[in-house]
Amino acid sequence: MASLEEREVYQHLGTPTGVHVRQTPEDTIVEILRDASQINSSLLAPWQKINVLNTFLISRISFLLRGSAVARVPLNKADNTIRQLVKRWLYLSQRTSTDIIYIFHRQGGANVPQLGDLCDMAVMTHAFRLLTCPDPTVRSIAQEAVRSMVRKRITRAPSEQEIATYLSVSLEAEFGRERGDLSSLWSCACNTSRLLGKRIGCCWKWCEERRELGILVPCLKTPDHTIVTLTARAMLEKTLKDTICCLYAENLKRKPDQGKVFEVSSKWDASNHFLPRGSFTRFADWRFVHRARLHCIPLNGAIRHGNRDKHCRKCGYANKTLPHVLCGCKQHSRAWRHRHNAIPNWLVKAIPPSLGKITLDSAIPGTDSRL
Ligand SMILES: [Zn+2]
């Protein structure tokens, strides 16, 4: 075993470890960004670039975030760079909404997690796992550390309920007394749960009947909530992840311009089947689809700034928006027909001839319907 001076470090499972050392894994962050820029200049397809980033790069840091006290500034800087790259791979301009990057594939996003969010989730989960650890020694050390920290603050023995309150809202009322806490795992956990509490409304709860600690995670779309307790402790990270992702999706839906199509396209997985692997998608489609869904194609009607002429150059219609070009502009009616015919033709190809005679482009036989 090597003997270390103060501020000397050794790498323990990738985390810089020692007395009074900065634990932020800056080397790993630099490596991730360097590799991300190499992926950017590689010849991979854009959806492959996103896949590689998720599978091989971001996963490198998710483990380190669990065991280290990581500073937010380097993470935020890394997030900025990653965001710019992903927007380039989605062919979006830098001014478009960033929410789309952090939303799940099945809802139509790029499914790239934000490092800052990963860090928050890791801190919360780690604190919760220590306090509910099946090993009685670990659990009692963790519970005693929290209890003594709250005791210092309120200068008396805290109840279990007060400990839960302290972990969720450490700055309120009685807990607000300045006691000069050492920066510890627990003060970090308090800060994180306060930040997450503001964003998604989660908080620590003490259940008196069952005598156990839990974390309440609200559902953003309905008034329901989930309380993650000892028995479901492994579910906490996933529950937090789902809620944060839901927050980005709800943010995007609220945007009157960019969220309009997303509101519909996020409803069914089938609308977003092509996102993970680019299946049935040409490069031209990929370049078009994300901009089109966020209404960021530079058409006259979609340009927000300045006092530009919004008329359609083909037919003179007053507002040249994407719906007008795709479905309203008479000059493009040939394209409408091609688009319509492509779908029945596709179905005809897919139906096995053994099922009977296929009738195409004629009135429904045996009825007087004009369809
Ligand atoms: Zn037109």
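Return the residue satisfying two criteria in turn: it lies in segment 38-66 and is of a type outside the set (A, V, I, L, M) and over 22 Å from Ile103 (Cα atoms), and of such residues it is surrounded by the fewest Cβ atoms within 10 Å (Cβ to Cβ). Among residues in segment 38-66 that are of a type outside the set (A, V, I, L, M) and over 22 Å from Ile103 (Cα atoms), the one surrounded by the fewest Cβ atoms within 10 Å (Cβ to Cβ) is Ser41. Being of a type outside the set (Ser, Thr, Tyr), assigned by TED's automatic domain parsing to the domain that holds Pro25, more than 22 Å from Leu275 (Cα to Cα) and in contact (Cβ under 8 Å) with a residue 12 or more places away in the chain: is that true of Ile103 here? It is false that Ile103 is of a type outside the set (Ser, Thr, Tyr), assigned by TED's automatic domain parsing to the domain that holds Pro25, more than 22 Å from Leu275 (Cα to Cα) and in contact (Cβ under 8 Å) with a residue 12 or more places away in the chain.
Have a look at Phe128, Phe175 and point out the one that is of a type in the set (A, V, I, L, M, F, W, C), over 30 Å from Asp269 (Cα atoms), at pLDDT below 90 and not in a loop (DSSP other than H, G, I, E, B).
Numbers: Phe128 fails: at pLDDT below 90.
Checking each option against the conditions leaves just Phe175.
For Thr17, indicate whether it is polar (S, T, N, Q) and in contact with a Phe, Trp or Tyr (Cβ under 7 Å, 6 or more places away or on another chain). The answer is yes for Thr17.
Looking only at residues of segment 303-320 that are within 9 Å of the ligand (Cβ to nearest atom) and either surrounded by 12 or more Cβ atoms within 10 Å (Cβ to Cβ) or in contact (Cβ under 8 Å) with a residue 24 or more places away in the chain (or both), we find that the one that is nearest to Arg95 (Cα to Cα) is Lys320.
Condition (residue is more than 30 Å from Asn76 (Cα to Cα) and either touching a residue at least 12 places away in the same chain (Cβ under 8 Å) or not small (Gly, Ala, Ser) (or both)) applied to segment 112-133: is it met by at least one residue? Yes, there is a match, as at least one residue in segment 112-133 is more than 30 Å from Asn76 (Cα to Cα) and either touching a residue at least 12 places away in the same chain (Cβ under 8 Å) or not small (Gly, Ala, Ser) (or both).
When Thr359, Thr367, Thr281 are checked against the criterion of being in contact (Cβ under 8 Å) with a residue 40 or more places away in the chain and either more than 16 Å from the ligand (Cβ to nearest atom) or assigned by TED's automatic domain parsing to the domain that holds Ser93 (or both), a single residue qualifies: Thr281.
In this structure, is Cys119 outside any loop (DSSP other than H, G, I, E, B), at pLDDT below 90 and either surrounded by 14 or more Cβ atoms within 10 Å (Cβ to Cβ) or among the β-branched types (Val, Ile, Thr) (or both)? The answer is no for Cys119. Applying the condition of being modelled with pLDDT of 80 or more, assigned to a loop (DSSP other than H, G, I, E, B) and surrounded by 12 or more Cβ atoms within 10 Å (Cβ to Cβ) to segment 1-20 and asking which residue is farthest from the chain's Cα centre (by Cα) yields Leu4.
The values are calculated or read from the model by the stated rules, or taken from the named source; none is laboratory data. None of the values given here were measured: they were computed from a predicted structure. Backbone-built Cβ (ideal geometry, glycine too); neighbour counts: all protein chains shown.
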